[in-house]
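Taking it in order: structure first as structure tokens, then the write-up.
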Amino acid sequence: MSLTTYITPLLYRHQCVVVPGFGAFLTHNISAVFSPKTHTFYPPSKAISFNEQIKIGDGLLVSYVASCQGISYDQAMEFVAQSVGAWEAALAQGSSLDLAELGHISRSKSGKLQFESYKTTNYLRAAFGLSAVQSDPLAAKAAELTVVAQAVETPEKPVVSLRPWMQYAAVGMVAIATALGVYQNNTYRQNLAWAQKEAGIALEREIHEATFFYQNPTTLPALSLVAEATVAETAPTQMYSVVAGAFKMSDNAEKKLSQLRAQGYVDAAIIGQNRFGLHQVVFGAYPQENTARTLLERVKKLGAKDAWLLVQTP
């Protein structure tokens with residue numbers, strides 16, 4: 001199992017995870033923001049950065065590796081040292097490191113390490129489950145109506161007296177639409193605050209102990225899943241995919257796909273790139289939600305704690 005597998009869970013609980021002899025992964029909180037250009041609300045998050053100057057380990061990573069693998073501290077230290085040696089060798093040959101769920105590391109011409117976060121995972125536990133939401137402001141539509149109203153040609157004498165009333169009506173429509181847009185934004189903020197509170201309670205009760213930490217991680221055993229055939233009156237409008245991982249390099253995605261199929265996941269596939277440009281590998285994709293959720297529960301029980309359900313609408 002790669003060293004990245006042990007670094008990722010620690011970032012949910014700690015601000016700094018030091019890889020002895022290599023550098024430190026740091027996190028910092030980012031407040032919820034609204035982009036006026038894309039009309040999108042982004043929830044609060046926890047971003048990742050890298051500092052190669054911090055190389056003296058504090059024992060956090062090594063102790064966690066020893067606990068997960070059931071080995072001694074010295075053996076865990078040797079495992080970390082070997083992983084770092086492999087990373088350094090790859091960088092010395094001019095290659096780059098593709099650290100799943102973390103980011104992309106390469107060495108510049110001056111010899112310094114450059115880190116680019118994938119930004120696909122929100123490590124802020126209080127915002128668990130929240131995603132970006134794009135709004136459809138009514139004020140913009142009202143502005144279009146104003147332009148249309150002004151462009152209408154009015155007849156000469158029979159209806160000249162109606163022109164001022166059209167202007168007043170257009171102004172009234174703008175005012176109503178603006179009020180509706182303000183109400184919509186206020187409602188979203190209230191829902192966002194409620195969702196953050198609920199997510200925090202759920203994390204303290206369930207995720208705090210079970211979601212990100214588990215003992216003795218092992219390779220997933222072979223699994224064969226028979227999906228129940230269902231007859232629908234209409235064609236499915238959504239696909240439910242159980243995601244195993246997302247990778248920037250297509251070669252790494254192909255390797256992950258080969259591993260899953262070797263373990264018996266005959267429905268495993270690469271479903272393309274997400275909006276961050278990462279290749280998504282899934283255990284399987286189904287039009288029935290209950291089939292996908294059954295698979296998700298089973299792979300989580302078998303050790304794939306990071307698997308999650310992706311809902312796609314055509």
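The order of Arg275, Arg298, Arg107, going from fewest to most other C-beta atoms within 10 Å of their C-beta, is Arg275, Arg298, Arg107.
Distance between the C-alpha centres of the stretch 293-314 and the stretch 232-291: 10 Å, rounded to the whole angstrom. Residue pairs exceeding 22 angstrom between C-alpha atoms, taken from Lys119/Lys248; Lys248/Lys300; Lys46/Lys255; Lys46/Lys256; Lys55/Lys305; Lys37/Lys119: Lys248/Lys300; Lys46/Lys255; Lys46/Lys256; Lys55/Lys305.
For the stretch 73-85, 3J(HN,Hα) computed residue by residue from phi via the Karplus equation (6.51, -1.76, 1.60; θ = phi - 60°) reads 4, 5, 5, 5, 4, 5, 4, 5, 5, 5, 5, 5, x Hz, glycine and proline entered as x.
None of the figures in this text is laboratory data; all of them are computed from the coordinates on show. Because the structure is a prediction, the values reported are computed rather than measured. Reconstructed Cβ throughout: ideal geometry from the backbone, glycine too, with neighbour counts over all protein chains shown.
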